[in-house]
Amino acid sequence: MRPEACGFRLPVRTARLFARDFVASDFDAVHAYASDPDVTRFMFFAPRTPEETRAYLERMAAAARQEPRTVWELAVIRAADGRLIGGCDLTLEQPHEADLGFIFARDVWGHGYASEIARALVRAGFEALGVVRVFATCDVDNHASARVLERAGLRREARLDRHKFARDRWWTSFLYGLRRDDWLASRVVYRQATVGDVPEMARSRASDAAAGVADPRMAAYLHGRHDPQHARAPRAGFVAVERDRIVGYIAGHLTRRYDCDGELQYLFVAAECRRRGIASELLACLFGWFREQGASRICVDVLPENGVARAFYGRYGAITLNRGWLVFPEV
């Protein structure tokens, strides 16, 4: 299956990351994590020697050239600084089933990168490769990877006792899986917002104390009748829809404010839907739109006392611009 034929397009982008094919010049970054005993603790391969890392990169280059292609093992790049921080993969073990995997440098653990790229690969597997099932295994003691798989929508299906012999021992793993039908039934769909969405966007935010002020302005904003200071055309909004209900939205526009190219104007996710990666996906939608407009430096107005929002945006590369504003230096 060729990526051009199946719709699998590289790079795979998220709000903070993009994934592309490995190249030979990735050696230093790859070897740094592939030779780390803590990183490879739950991998079937031992910490790699320089020769083994070079051989691995050669295998990945060959896999990328294979036709039909069955392995998408990709370098994960942090967009903010261009650093290669890990790897991820989808492998067609059978024509309609994809094996999901990931590995990250130890110093970037705990920032949600694995969950972010895993969700993107699950979507790519179903939408671009057309598989009917995505699955993964992880060691029974690898609790961090188990949480990543669950955040990506996979569910534990079985315990595989002594199913793999590697590194001089038998491994016992949990099998996780997600079927296409279940993914379609439960997935959140992201699309461009329209003015007709505003009433439902208002209802989704009904519990927000500022809703009475924000929602009329949102309608005027999408209509083009409300122009924030320093705003310039165009503007765009995106909604997250789950089971025909809008559960989140985001909007932004081009700007002349603070030497920035764009401004994030609104971001909201319903309380019961938070901590599911919806805000991250909405950011990815808007950041993608900004890139299409040639905008890379994006500002956002955040109250100094709103520590939750500041911490959230900080995880996606935002830094303090001044007392009331943050900036994403490069999206």
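Read-outs: derived from the displayed coordinates by stated rules, not from any lab. Keep in mind the model is a prediction, meaning the values are calculated, not measured. Because the Cβ atoms are built from the backbone with ideal geometry, glycine has one as well, and the counts that use them run over all protein chains shown.
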**Asked** What longest range of the chain stays clear of loop-exposed trypsin sites (Lys or Arg not before Pro) (DSSP non-H/G/I/E/B, at most 15 other C-beta within 10 angstrom)?
**Response** 42-166
**Request:** For segment 235-246, take each phi angle, set θ = phi - 60°, evaluate the Karplus expression 6.51 cos²θ - 1.76 cosθ + 1.60, and give the result in whole Hz per residue in order, putting x for glycine and proline.
**Result:** 9, 8, x, 9, 10, 9, 10, 10, 6, 6, 10, 6
**Prompt:** Most exposed first by the Cβ proxy, i.e. fewest other Cβ within 10 Å, how do SER280, SER35 rank?
**Reply:** SER35, SER280
**Asked** Taking every DSSP beta bridge that has both residues in segment 80-173, what percent is antiparallel when rounded to the nearest 5?
**Response** 80
**Request:** Nearest 5 is fine: what % of DSSP beta bridges in the chain come out antiparallel, could you say?
**Result:** 90
**Prompt:** Counting other Cβ atoms within 10 Å, which chymotrypsin sites (Phe, Trp or Tyr not before Pro) in segment 44-124 have at most 15 and lie in a DSSP loop?
**Reply:** PHE44, PHE45, TRP109
**Which label in (1) 67, 55, 43; (2) 88, 42, 41; (3) 66, 40, 39 gives the computed Cα extents along the principal axes in Å** = (3)
**Prompt:** Which ³J(HN,Hα) values in Hz, rounded to whole numbers, follow from the phi angles of segment 150-158 under the Karplus curve 6.51 cos²θ - 1.76 cosθ + 1.60, where θ = phi - 60° and Gly and Pro get x?
**Reply:** 5, 5, 7, x, 6, 10, 5, 10, 6
**Asked** So what are the ³J(HN,Hα) numbers for segment 9-18, from phi and the Karplus equation (6.51, -1.76, 1.60; θ = phi - 60°), rounded to whole Hz, Gly and Pro as x?
**Response** 10, 10, x, 7, 10, 10, 4, 10, 10, 9
**Complete:** If amide H atoms are modeled at 1.01 Å from N in the peptide plane, then the residues at a separation of 5 or more from LEU175, or on another chain, having amide H under 5 Å from its own are GLU157, ALA158, ARG159, LEU160
**Item:** Residues TYR249, TYR313 arranged by fewest to most Cβ contacts within 10 Å
**Value:** TYR313, TYR249
**Message:** Looking only at segment 3-186, where both bridge partners belong to it, what percent of the DSSP beta bridges are antiparallel (to the nearest 5)?
**Reply:** 95
**Prompt:** From the Cα gyration tensor of segment 3-186, with a ≥ b ≥ c the square roots of its eigenvalues, which class applies: rounded if a/c is under 1.5, or else prolate if a/b is larger than b/c, or else oblate?
**Reply:** rounded
**Fill in**
In nanometres, the difference between 0.36 nm per residue of separation and the alpha-carbon distance of ASP36 and GLN229 is 64.5 nm
**Request:** Name the residues whose placed amide hydrogens come within less than 5 Å of the amide hydrogen of SER35, ignoring near sequence neighbours (fewer than 5 apart) on the same chain.
**Result:** ARG48
**Asked** How are the Cα pair distances of segment 235-331 distributed, in percent, across 5 Å bins from 0?
**Response** 3, 14, 25, 25, 19, 10, 4, 1, 0
**Message:** For VAL331, VAL12, VAL134, which order do you get if you count the other beta carbons within 10 Å of each Cβ and list the fewest first?
**Reply:** VAL12, VAL331, VAL134
